[in-house]
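The values are calculated or read from the model by the stated rules, or taken from the named source; none is laboratory data. Owing to the predicted nature of the structure, the values given are computational and were not obtained by experimental measurement. Positions of Cβ are generated from backbone atoms using ideal geometry, with glycine treated the same way; all protein chains shown enter the neighbour counts. Accessible surface areas use protein heavy atoms only, side chains included; no ligands, DNA or RNA. Shrake-Rupley method; radii C 1.70, N 1.55, O 1.52, S 1.80 Å.
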Amino acid sequence: MTQPPAAHPEGLSMLEKRKIEAEILKEVYETLKASHGEEVARKTVAESVRRSAIAQARAFAAAAPGGTSLQAFQDVMPLWTKGGALEIEVKEQSDETFAFNVTRCRYAETYKAMGLGEIGHLLSCNRDGAFCEGYDPKLKLERTQTIMQGASHCDFRYRYDK
């Protein structure tokens, strides 16, 4: 019997993992764009990333000690912020809400440096809501703006419905 995939490879930052994934997706995107047009390429990348986010979230949920909760979700946040990948300002933190602004996003910087600025939101921001779907349907995200799409900050507002 095979073991389920680990929630996240030991020692690898999420930014490093996303960069590796983006190197592959860049070629897929360019190939699809050339053969099927930009709209199909964007839709395919968006759906692939969404499915990947849900699958990865399920692995995190399965690994959550004591099951999923907003606290367990917050406990894995250091994977996303490791090495200064995200600079955040926490606005509110309770058993049912976790609100923060991202004031610097090295994911956005990395995708732009890789020539992927036009689809960076599909590679990264697109994952956030989908992650909630796979992690726990009680976890909801509201976000109105992202650095990736030109805003001064990203406004993450998570709610955990008990």
(message) I'd like to compare 92-99, 14-21: which one has the highest average count of other Cβ atoms within 10 Å, and what's the full order after that?
(response) 14-21, 92-99
(message) Tell me the angle of helix 38-63 to the major Cα principal axis of the chain, expressed in degrees between 0 and 90 and rounded to the nearest ten.
(response) 30 degrees
(message) Considering only protein heavy atoms and a probe of 1.4 Å, how much of the accessible area of region 1-132 is carbon and sulfur, as a whole percent?
(response) 53 percent
(request) Provide the FRET efficiency to the nearest 0.05 for the GLU27-ALA63 pair, computing r from the beta carbons and using R0 = 25 Å. (result) 0.25
(message) Among (1) 17; (2) 20; (3) 58, only one was calculated for this model; which label is it, if the read-out is percent of Cα pairs over 28 Å apart?
(response) (2)
(request) Counting helices only, and only those DSSP H runs with n ≥ 4, report the 222 nm mean residue ellipticity of the chain as the sum of -39,500 (n - 2.57) divided by its residues, in deg cm²/dmol to the nearest 500. (result) -15500 deg cm²/dmol
(message) To the nearest 20 Debye, how big is the dipole of the chain about its Cα centre, given +1 on the beta carbon of each Lys and Arg and -1 on that of each Asp and Glu?
(response) 120 debye
(request) Using only Cα atoms, tell me the angle between helix 14-36 and the longest principal axis of the chain; keep it within 0 to 90° and round to the nearest 10. (result) 40 degrees
(request) Write down the accessible area per residue of the chain in Å², having rolled a 1.4 Å probe over the full set of protein chains. (result) 55 Å²
(request) Please give, to one decimal in nm, the separation of the simple spin-label points placed at GLU39 and GLU118, each 7 Å out from Cα toward the Cβ. (result) 1.6 nm
(request) Starting from the Cα-Cα distance between ALA99 and LYS138, subtract it from 0.36 nm times their residue separation and give me the gain in nm to one decimal. (result) 12.5 nm
(message) Need one number: % antiparallel among DSSP beta bridges in the chain, to the nearest 5.
(response) 100 percent
(request) In whole angstrom, note down how far apart the Cα centers of region 127-148 and region 16-50 are. (result) 20 Å
(request) Under 19 Å from a label point 7 Å along Cα→Cβ of GLN74: give me every residue in region 84-123 with its amide N that close. (result) 86-103
